[in-house]
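Participant: The structure under discussion is supplied below as C-alpha cells; questions concerning it will follow.
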Protein chains: 2
Amino acid sequence: MEKIKKPKPSTYKAKYVVIGTGTAAFFAHRGITESDPDAQILLIGEEDHLPYMRTPLSKELVYADNEQAEYSFTDWGGHQRSLFYEDANFYKPVDFVNTSEPGTALLLGRKVVDMNIHRKRLLLSDGTIVNYEKCLIATGGTPKNLPVFESATGEVQQHVNLYRGINDYDKLVKLVHSPSVDNLTIVGGGFLGSELAVALAHVGKKHGVTVTQIYKEGGNMAKVLPKYLSEWSTDKVKNEGVNILSHTKIDSVKTTDDASKIELTLSSGETLTTDQVIVAVGIEPNVELAKKARLEIDPIKGGILVNAELEARSDLWVAGDVASFYDVVLGRRREEHHDHAVVSGRLAGENMAGKQKYYTHRSMFWSDLGPDIGYEAIGIVDSKLPTVGVWAAATAKDTPVGAGLTPEARGSDETSLVADDSQSGVPASVSNESVTSNLNKYGKGVVFYMRDDAVVGVVLWNVFNKIPLARKIINSQKKFTDTTELARLFKIHSEE
Amino acid sequence: MEKIKKPKPSTYKAKYVVIGTGTAAFFAHRGITESDPDAQILLIGEEDHLPYMRTPLSKELVYADNEQAEYSFTDWGGHQRSLFYEDANFYKPVDFVNTSEPGTALLLGRKVVDMNIHRKRLLLSDGTIVNYEKCLIATGGTPKNLPVFESATGEVQQHVNLYRGINDYDKLVKLVHSPSVDNLTIVGGGFLGSELAVALAHVGKKHGVTVTQIYKEGGNMAKVLPKYLSEWSTDKVKNEGVNILSHTKIDSVKTTDDASKIELTLSSGETLTTDQVIVAVGIEPNVELAKKARLEIDPIKGGILVNAELEARSDLWVAGDVASFYDVVLGRRREEHHDHAVVSGRLAGENMAGKQKYYTHRSMFWSDLGPDIGYEAIGIVDSKLPTVGVWAAATAKDTPVGAGLTPEARGSDETSLVADDSQSGVPASVSNESVTSNLNKYGKGVVFYMRDDAVVGVVLWNVFNKIPLARKIINSQKKFTDTTELARLFKIHSEE
Ligand SMILES: Cc1cc2nc3c(=O)[nH]c(=O)nc-3n(C[C@H](O)[C@H](O)[C@H](O)COP(=O)(O)OP(=O)(O)OC[C@H]3O[C@@H](n4cnc5c(N)ncnc54)[C@H](O)[C@@H]3O)c2cc1C
Ligand SMILES: Cc1cc2nc3c(=O)[nH]c(=O)nc-3n(C[C@H](O)[C@H](O)[C@H](O)COP(=O)(O)OP(=O)(O)OC[C@H]3O[C@@H](n4cnc5c(N)ncnc54)[C@H](O)[C@@H]3O)c2cc1C
Ligand SMILES: NC(=O)c1ccc[n+]([C@@H]2O[C@H](COP(=O)([O-])OP(=O)(O)OC[C@H]3O[C@@H](n4cnc5c(N)ncnc54)[C@H](O)[C@@H]3O)[C@@H](O)[C@H]2O)c1
Ligand SMILES: NC(=O)c1ccc[n+]([C@@H]2O[C@H](COP(=O)([O-])OP(=O)(O)OC[C@H]3O[C@@H](n4cnc5c(N)ncnc54)[C@H](O)[C@@H]3O)[C@@H](O)[C@H]2O)c1
C-alpha cells in the first residue's frame, strides 16, 4: 500500500465492492442484487459518468447527429433509449454503507490505485480507503495509440483522438459540426474503426465532412470475417462514401504550416491532410492494478487470468474486457464485447453472492455497418480459422433499411456453401474462384468457424434471432466432417 | 457420470475428500487437521499401500540391499525411518464418517474414475460413490514409457519396467538378488535414472550385476545442471561403476534367442544385451479425471491449472506433481518434487479448511548421487537459463562419505565465479575454456539461475542448510547485474 499523507482519508467498508463502473460492473451489481437482496454494493469508477452503455457511441448516437451531444437515442427498432443504465436517483449516497439498508452506491471520478488482496482493502486516487469482503475487478480496457502519434509534438497531438467513452463522443460531435472541419481520418479497420467510418460518412455528408479510413489489413474486419466477406464489406463501406486506404500504414505526421490541420505521410508514399485523426487500433486491458496486486496476467491473451467461475483468488473475481477466463468448451478466452460484459458481469456478481456457477452461457456480439447491414456472432470468430459459409438471397426483410445491393439467387437450392481456406489449408467445398464470382451473393448467410472439425464460432449475417441455435451447435462440440450437414442445420432460406 | 449397474454401491459422504494417497494427499490431511481439528477426511487411492514417501526408493532403500524388500531404512544421518508416514492404526475405518468423530480414513485400491464438480460427487472404480464438500485432486503422475518398448512384443515387455512406487521397488530388489541377472539398463538421464544408476551400481557389485545408463543428453541431469556440472557429475557416476552411454537412443529391441534377455540396438549402431530395462524418462501428470470434469489443463507445463491458492474451482483444489500453480514471484510453475508435494499439499489442506493462503513459501528439492555427493535446490532450476556458479574447495565435512576426488583451490580467494552461457548467449565472467580446465573444482558450490537479471533458482552443491538464504534471494526479486555481488551473498568459503 502506498503511504497516505492526507490527514484523514475517508474510509468505507462494504460487503461487495466493484472496481469500475462500466457495463461489467453494472451487471455485476444486478447479479449480486438478484442473488442477495440485502446486498450493499459500492461501485468505484474513474469516469465521471453514471454507468452507461458504449455501443451506441459508434452507431445510433452518431447517426442521430445532434449538435448538442445528447445521450439518448433511437435504436434501429425505433425505441427511445438512454445511454445510462439507471439515472442518478437509482443510486444511494455512499454513506448508506453505514446503515443496514440494501442498495448500490457510486464513487465516481476516482481511480483505485492500489489493492491489498490479503487485507481486502483498496486505496483510491484521492486517498479514500475501501474495505471489502468480496471484490470484482471490472476495469475494462484503454484504447491503444500508435507510436507515430505518441512520439509526435503536442501540436500534432491536438489533432489525434482515441475513442472509448462519452467524453470522446462529445468531442466528435463538436468536430462534425465545426464549419472548419473538412476531413476526419479513422485509423484502424476493426469494429470501432469500421462502425465509426460508416456512421461518420453518413452524417458527414450533411456537414461537408469527408471520411478517410486507413488500416494495414486488406479489408474491413479482416481479423474477424473470412476474406470474401471482408472484401464484400469493404465495398459496402466504400459505397457509404468512406475513402478507404487499405494495406496502408502511417509513416510520419506533422502539422500543416498554419497548424490548423495535420499531414500524414503514408506507406504508399502519398500524403493526406486531415483535420483530426481518430485512432481505433484496439485496446489494452487495464491490468496495472492487478499487476501491483501480483495477480496472474495471461501472457497470451492479455487480461487477468481467472478460472471458469471468473475467480482469480478467494473473494476476488474479474469480469468484462479485462478478464481472461476459462470456457470449458472453447478453452481460454478473452472477449471484448458488450454482451460479454453483461454475461460475465452478472455471473461474477452471482458468484460474489455465493452461487458457484461456472461460465456456460456463451455471450454474443453484434456489429452494424450502418442501418442496412448488421451481423451477430458467437464463439471464436477469428478469420485465421477455416470457415464454411451458407448463403441465401436476402430480401428487404433481411436488410431493414434499403441495402442498395441486389443479391442474386443462384441455383434452385438458394443456398450455397462457401469454404474459405485461404489461410488454413483445409479442403474447400467451393473453391476460391467461385467465391470471387459470387461476391454479390452475401446478402444473408451464416458463417461457421471450425476447429478440429467442430464449430467454435458462428457469424449470422443479416440473419437475426438465431443466436440460440448457434449457441447450441457450439455447445454440442459435435464433429462435422461433412459440411453440408452444417448447411442443413441452418436452413436460412426455408425458414423465412 | 457413468451408469452404475451393480445393485447397491456403497455411498460415503465426508466434508474433506482427497483423490490420491501420495505425499501431497497425506500432507493435505495434515494441513486440514491442523486448521480444523474436527475434520473428517477421506483419502482415496489407487495404490494398495498406506501413504508413503517415494524418495528412498531410488536411494537409501536400494543401498540397504535387503533381499526381502523392507520398507524401513537408515537415512544418511543414521536415523531409522519407515517409508510409511503413519502405520495402519493411525487411520480410522471408513465408516467413521457416519459418526461425528474427527479423523482420517483411507479407501485404498480404488481409482476415482469420474467426478461431478457441480454435484460434488465422485465415482470410484468399484462403483462406490463419495460425496464431498471440499475436494483435493492429488493424483500425481505416471511414468512415461518409450514407443520402442510400448510397441514391442509381450515377451520383450517382460524385460521392461517403469519405476514409481513400492511394487516397482519390490521387483527391482528381486532382480538384483537373482543369480541369473548380469546386467540392468537404466534408460533416462534425469533425477530417477541418475539416482538409480548410482545406487544399483553400488549394490550390484556385491551381486555380480553391472549397470548401464542410456540417455540422449550429453550428461547426467543435463536438463537441470549447467553443462560443466553435468559433465562433472557424469564423470562421478562413471566412477561409481555405471557404464554410461550418452547421446544415445534405442532404435529397436528384441529378445535373445532363448528369450531370457533382451537385445537393444542403439543409435550408435552398437547392440546391448541386458536382463532388464528400467525406463526413467519422466512422468505424465495424471489429468484424465480432470479432463473428464472439464477442468483446465495447462497447455504448456501440463497438469491441472490452479491459481496461487491452488484452487481450480470453488471447493476444489489441486496439489503436488499434478498441479500447475501460480507463483506470484516466479510465475506459472509445475514442480515434480517431494517437498513441493509436502508444501503444496499442506497449503491446499489449509485452504480447504478456510484459510485463504496463497503460495509464498517456495519448496526445495534434493538429489543424491550416492552418499558422497548431494545437492539441494530451490526455484526454477533449468539448464536453459544462464547460470553463475560460486565454487570453493570441498573438505571432508562437505562430502560426508569419502568423495574420491581432490578438488584444488585456485587463487587466494578460494572462491571462483563460473558463468555458463553455452545455451543463453549472456556474457560469462569465466569463459568455457577455463571451465574445462577447472573440472576438478566442483566439490562445493552454489549455482544461481538467472532470468531478467534476477535469481530465479539456486543449486546448493554439497552445501547444506542454506536453502533459507537462497529462498530469501529469490523472493527479493533483486536485480544483480554485477555477478560478484551474488558471490558475496554466499560466502561459502568463509562460513566453514
Ligand atoms: C464506441 C464503442 C462501441 C462499441 N460497440 C459495441 C458493440 O456494438 N457491440 C459489442 O458487443 N461491443 C461493443 N463495444 C465494446 C463494449 O462496449 C465493451 O466490450 C464493454 O464496454 C466492456 O465493458 P467493461 O465493463 O469490461 O469495460 P468498460 O466499459 O471499459 O468499463 C471499465 C470501467 O472501469 C474504469 N476503470 C478502469 N480502471 C479503473 C481503476 N483502477 N479504478 C476505477 N475505475 C477504473 C474505466 O474508467 C471504465 O469506466 C463498443 C465499445 C466502444 C468503445
Ligand atoms: C523413486 C522416486 C524417487 C524420488 N526421489 C525424490 C527426491 O529425492 N527428492 C524429491 O524432491 N522428489 C523425489 N521424487 C519425486 C516425488 O516423490 C514426487 O514429486 C511426489 O511423490 C509427488 O507427490 P504427489 O502426491 O503429487 O504424487 P504421487 O506421490 O504420485 O501420489 C499420487 C497418488 O495418487 C494416486 N492416484 C492417481 N490417480 C488416481 C485416481 N484417479 N484415483 C485414486 N488415486 C489416484 C496414485 O496411485 C498415487 O498413489 C521421487 C520420485 C520417485 C518415483
Ligand atoms: N460491435 C462491436 O462489438 C464493437 C464495436 C466497437 C468497438 N468494439 C470494441 O471496442 C474496442 C476498440 O475497437 P477497435 O476497433 O479499436 O479494436 P479491434 O481490436 O476490433 O480492431 C483493432 C484494429 O486495429 C488494427 N491494429 C492493431 N494494432 C495496430 C497497429 N500497431 N498499427 C496499425 N493497426 C493496428 C487491427 O489490425 C484492427 O484492424 C475493441 O475492444 C472492440 O472489440 C466492439
Ligand atoms: N531427487 C529428486 O527430486 C527426484 C528423484 C527421483 C525422481 N524424481 C521425480 O520422479 C519423476 C521421474 O524421474 P525421471 O528421472 O524419470 O524424470 P525427469 O523428468 O527428471 O527426467 C527425464 C529424463 O528422460 C529423458 N526423456 C524424456 N523424454 C524422453 C524420450 N522420449 N526419449 C528419451 N529420453 C527422454 C529426459 O531427457 C530426462 O533425461 C520426476 O517427476 C522426477 O522429478 C525426483
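This table checks each residue for (1) among the basic types (Lys, Arg); (2) touching a Lys or Arg at 6+ places or on another chain (Cβ under 7 Å); (3) closer than 27 Å to B:Arg334 by Cα; (4) free of Cβ contacts under 8 Å to residues at least 12 places away in the same chain.
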position	(1), (2), (3), (4)
B:Val17	no, no, yes, no
B:Ala24	no, no, yes, no
B:Arg30	yes, yes, yes, no
B:Ile44	no, yes, yes, no
B:Asp48	no, no, yes, no
B:Tyr52	no, no, yes, no
B:Phe84	no, no, yes, no
B:Val94	no, no, no, no
B:Asp114	no, yes, yes, no
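Participant: A further question on this structure: From the list B:Ser324, B:Ser314, B:Ser383, exactly one residue is of a type in the set (Gly, Ala, Ser), under 21 Å from the mean Cα position of the chain (by Cα) and within 14 Å of chain A (Cβ to nearest Cβ). Which is it?
Facilitator: That would be B:Ser324, the only listed residue that is of a type in the set (Gly, Ala, Ser), under 21 Å from the mean Cα position of the chain (by Cα) and within 14 Å of chain A (Cβ to nearest Cβ).
Participant: In segment A:41-70, which residue that is touching a strand residue (DSSP E or B) at 6+ places or on another chain (Cβ under 6 Å) and of a type outside the set (A, V, I, L, M, F, W, C) is surrounded by the fewest Cβ atoms within 10 Å (Cβ to Cβ)?
Facilitator: Going through the qualifying residues, I end up with A:Glu60.
Participant: Here's another thing I want to ask about it. Quickly run through segment A:327-359 and pick out the residues that are surrounded by 24 or more Cβ atoms within 10 Å (Cβ to Cβ) and at the interface with chain B (Cβ under 9 Å from one of its Cβ atoms).
Facilitator: Once the filter is applied, which keeps residues that are surrounded by 24 or more Cβ atoms within 10 Å (Cβ to Cβ) and at the interface with chain B (Cβ under 9 Å from one of its Cβ atoms), segment A:327-359 yields only A:Asn351.
Participant: Please verify whether A:Val160 is within 16 Å of ligand 3 (Cβ to nearest atom), surrounded by 15 or more Cβ atoms within 10 Å (Cβ to Cβ), at pLDDT 95 or above and not small (Gly, Ala, Ser), treating the condition exactly as stated. Steps first, please.
Facilitator: Working: within 16 Å of ligand 3 (Cβ to nearest atom): yes; surrounded by 15 or more Cβ atoms within 10 Å (Cβ to Cβ): yes; at pLDDT 95 or above: yes; not small (Gly, Ala, Ser): yes.
Spelling it out, A:Val160 is indeed within 16 Å of ligand 3 (Cβ to nearest atom), surrounded by 15 or more Cβ atoms within 10 Å (Cβ to Cβ), at pLDDT 95 or above and not small (Gly, Ala, Ser).
This table checks each residue for (1) buried (at least 24 other Cβ atoms within 10 Å of the Cβ); (2) within 16 Å of ligand 1 (Cβ to nearest atom); (3) in contact (Cβ under 8 Å) with a residue 60 or more places away in the chain.
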{"position": "A:Asp182", "(1), (2), (3)": "no, no, yes"}
{"position": "A:Thr185", "(1), (2), (3)": "yes, no, yes"}
{"position": "A:Ser194", "(1), (2), (3)": "yes, yes, yes"}
{"position": "A:Leu200", "(1), (2), (3)": "yes, yes, yes"}
{"position": "A:Asn243", "(1), (2), (3)": "no, no, no"}
{"position": "A:Ile250", "(1), (2), (3)": "no, no, yes"}
{"position": "A:Thr256", "(1), (2), (3)": "no, no, no"}
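Participant: Moving to a separate point now. The conditions are (1) surrounded by fewer than 16 Cβ atoms within 10 Å (Cβ to Cβ); (2) within 17 Å of A:Ala308 (Cβ to Cβ); (3) within 16 Å of ligand 4 (Cβ to nearest atom), and B:Asp298 fails exactly one of them. Which is it?
Facilitator: That leaves (1) as the condition not met.
Participant: Which one of these is out of contact with any helix residue (DSSP H, G or I) (no Cβ under 9 Å at 6 or more places or on another chain), more than 14 Å from every other protein chain (Cβ to nearest Cβ), among the charged types (D, E, K, R) and touching a residue at least 60 places away in the same chain (Cβ under 8 Å): A:Lys261, A:Lys292?
Facilitator: Criteria check complete, one pass: A:Lys261.
Participant: Further question: Quick one: A:Tyr375 ticks every box in (1) within 14 Å of chain B (Cβ to nearest Cβ); (2) under 24 Å from A:Ser233 (Cβ atoms) bar one, so which box is it?
Facilitator: (1)
Participant: For segment A:18-25, indicate whether the set of residues that are within 14 Å of ligand 1 (Cβ to nearest atom) and farther than 17 Å from A:Thr139 by Cα is non-empty.
Facilitator: No, segment A:18-25 contains no residue that is within 14 Å of ligand 1 (Cβ to nearest atom) and farther than 17 Å from A:Thr139 by Cα.
Participant: Give the residue, chosen from B:Leu310, B:Leu266, B:Leu272, B:Leu305, that is buried (at least 22 other Cβ atoms within 10 Å of the Cβ), more than 24 Å from B:Arg54 (Cβ to Cβ) and more than 16 Å from ligand 3 (Cβ to nearest atom).
Facilitator: Only one candidate passes the filter, namely B:Leu305.
Participant: Just for segment A:80-104: of the residues that are farther than 15 Å from A:Pro37 by Cα and of a type in the set (Gly, Ala, Ser), which one is nearest to the chain's Cα centre (by Cα)?
Facilitator: A:Ser82
The values are calculated or read from the model by the stated rules, or taken from the named source; none is laboratory data. For clarity, every value in this text was computed on a predicted model and none was experimentally measured. Ideal geometry is used to build each Cβ from the backbone, glycine not excepted, and the neighbour counts take in all protein chains shown.
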